[in-house]
Amino acid sequence: MINGLIKALLVSTLLLVSCRVNGQSITFNKSKSIEQQQRLLVDSIITDHFNIRLTKSFTQTDKLKLKEVISFLDAVILSDEFKKKVINTDFRDSRRYYMRNYKGEKIQIQKKVSSNQIFEQIVNGDDALGKVRADCILDIYLELKSLDIRGGAKKGMISTNLENFRQESLTQIAGNLMHEYMHVLGYVHKVSRRKVRDRLDKKDVPDGVGQIIYNWKE
Ligand SMILES: [Zn+2]
């Protein structure tokens, strides 16, 4: 009886920690370069669910702001509310195309997925930028840059508009980051013009997930 109880406890603990590896507070470390971009990543922010590598484009103030953004996202993505919102969204073009691993190699996926699977991919950190896929860590390579657009993701590297980053609220930045992360996972815009997409009822995966966070009530 007692043995059974201990076993049950162990199993439930194992299930509980499966997506809570890492468990560290936010720290900055020296980090190596991302091979496909040959950009030097000088810092990283590590939380329960995120490993964010940064180029030297971040000032100390920027890093502190980003830390708040990531703490917020860390709490949100495992919440019931986030899960409900993602799985209840009817995404337009929920096809996953391909993504890049940390060496810059293309990983073909080409698969239509359900909203449930999209949620799973997010919480499992199903990018190819860590050493292991689906390691429950969302790996993000990030730089701040002067851009004409809000941001973009190329070969696994996310660029964020520097002016926007410094002016925007936490939820706006977090929403944009999750939008770009969905590109990292292999989702694209079939309609390239933002203004046209904004008028469409159904959102594609990057816009849809981004907006869930963007409109989050803190
Ligand atoms: Zn986009």
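Every number here is computed from the coordinates shown, using simple stated rules; none is lab data. Since the model is a prediction, treat every value here as computed from it, not as a measurement. Counting neighbours? That spans all protein chains shown, and the Cβs are built from the backbone with ideal geometry, glycine included.
Using the Cα gyration tensor of segment 104-218, with a ≥ b ≥ c the square roots of its eigenvalues, what is the shape: rounded (a/c below 1.5), prolate (a/b larger than b/c) or oblate (neither)?
Details: a/c = 1.45, a/b = 1.21, b/c = 1.19.
Since a/c stays below 1.5, the shape of segment 104-218 is classed as rounded.
By its C-alpha gyration tensor, with a ≥ b ≥ c as the square roots of the eigenvalues, how is segment 24-214 shaped: rounded for a/c under 1.5, else prolate for a/b larger than b/c, else oblate? Please list the in-between numbers first.
Numbers: a/c = 1.37, a/b = 1.29, b/c = 1.06.
Rounded shape, in that the Cα axes give a/c under 1.5.
If I take R0 = 41 Å and measure r between the Cβ atoms of Lys112 and Thr59 in this structure, what FRET efficiency does the formula 1/(1 + (r/R0)^6) give, to the nearest 0.05? Don't jump to the answer; show the numbers that get you there.
Details: r = 42 Å, r/R0 = 1.03.
Efficiency at R0 = 41 Å is approximately 0.45.
Ranked highest first by average number of other Cβ atoms within 10 Å, how do 52-60, 208-216, 106-114 line up?
Highest-to-lowest ranking by the protection proxy: 208-216, 52-60, 106-114.
Can you work out the FRET efficiency for the pair Leu200 and Tyr98, with r the C-beta to C-beta distance and R0 = 22 Å, to the nearest 0.05? Walk me through the numbers on the way to the answer.
Numbers: r = 24 Å, r/R0 = 1.08.
For Leu200 and Tyr98, the calculated efficiency is 0.40.
Exceeding 23 Å between C-alpha atoms, which entries from my cross-link table qualify? They are Lys112/Lys202; Lys111/Lys154; Lys84/Lys203; Lys112/Lys203; Lys63/Lys203.
Lys63/Lys203
Positive end of the charge dipole of segment 146-218 (Lys, Arg +1 and Asp, Glu -1 on Cβ, about the Cα centre): tell me which of Leu170, Met182, Thr160 has its Cα farthest that way.
Met182
Among Lys83/Lys103; Lys67/Lys131; Lys65/Lys217; Lys83/Lys190, which pairs are too far apart, with a Cα-Cα distance over 21 Å?
Numbers: Lys83/Lys103 31 Å; Lys67/Lys131 23 Å; Lys65/Lys217 18 Å; Lys83/Lys190 25 Å.
Lys83/Lys103; Lys67/Lys131; Lys83/Lys190, as the Cα separations exceed 21 Å there.
Is the shape of segment 141-185 best called rounded, prolate or oblate, per the rule: a/c under 1.5 gives rounded, else a/b larger than b/c gives prolate, else oblate, with a ≥ b ≥ c the square roots of the Cα gyration tensor eigenvalues?
Values: a/c = 2.23, a/b = 1.30, b/c = 1.72.
Oblate.
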